[in-house]
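In what follows, a structure is listed as C-alpha cells, so that the remarks can point back to it.
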Amino acid sequence: MKHYLTKERLEELKSELERLKKDARHEIAERLKHAKEYGDLSENAEYSAAKDAQAQLESRIIELENIIRNAIIIRKSEGGETVKIGSTIIIKKGFKDSRYTIVGSQEAKPEMNLISNESPLGKAFLDKKVGDDIEIQTPGGKVRYKIIKIE
C-alpha cells in the first residue's frame with residue numbers, strides 16, 4: 001500500500017521509529033526486568049502490563065517501517081490542470097468559498113483544511129479541473145461543490 005507523505009512528515013516518522021527502536025524498547029526491557037523480580041509471572045500484573053506495552057510498541061514499529069518503506073513523497077503542486085495529491089484548491093459550496101489541500105492519509109487534519117486523498121471528499125476532488133461541479137452524498141444529503149481555483 002502506498003503512503004503519500006510530505007518530506008517533513010516522512011522525516012518525523014523516521015525520527016519516531018528511531019526513538020521507538022532505541023529508547024522505548026530499552027524502557028520496556030527495563031520494565032520487564034523489574035517486573036520479573038516480583039516472582040510468579042502468571043499472577044504478576046506489572047509483568048502482564050509490560051508485555052502488553054511491548055506488543056503495542058512492536059506493532060507501531062512494524063507499522064512505521066511499512067509506511068516508510070512504501071512512502072511516496074508529495075511535492076507541492078503549483079497550479080496545474082487537475083487536482084492531485086499536494087494541490088491546494090479553492091472550492092465554492094453554496095455562497096461560501098473554502099480552501100483545502102489534498103494530502104496523504106498520514107497527514108490529514110480536516111480541522112486545518114488538510115484532507116486525505118482517501119477521504120470521500122478528497123477522492124471526489126482528485127483529477128477534477130477548475131469549473132468542475134462535484135456532488136458528494138453525505139449522511140445529511142447531497143452536497144455540491146465547484147472548483148474555483150487550483151493552486
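The values are calculated or read from the model by the stated rules, or taken from the named source; none is laboratory data. Please read all numbers here as calculations on a predicted model, not as lab measurements. Note that we place each Cβ from the backbone using ideal geometry, even for glycine, and neighbour counts take in every protein chain shown.
Points worth noting:
- Of all the residues in region 103-142, those that are in contact with a Gly (Cβ under 9 Å, 6 or more places away or on another chain), aliphatic (A, V, I, L, M) and assigned to a strand (DSSP E or B) number 2.
- Once region 111-135 is narrowed to residues that are over 18 Å from the mean Cα position of the chain (by Cα) and surrounded by fewer than 14 Cβ atoms within 10 Å (Cβ to Cβ), the residue that is nearest to residue 9 (Cα to Cα) is 127.
- Hits in region 65-83 (condition: at pLDDT 90 or above, in contact with an Asp or Glu (Cβ under 9 Å, 6 or more places away or on another chain) and surrounded by 18 or more Cβ atoms within 10 Å (Cβ to Cβ)): 83
- The residue that is surrounded by the fewest Cβ atoms within 10 Å (Cβ to Cβ), among those in region 16-64 that are among the charged types (D, E, K, R) and not in a helix (DSSP H, G or I), is 40.
- Flag if residue 91 is crowded, with 16+ Cβ neighbours inside 10 Å and within 27 Å of residue 70 (Cβ to Cβ): no
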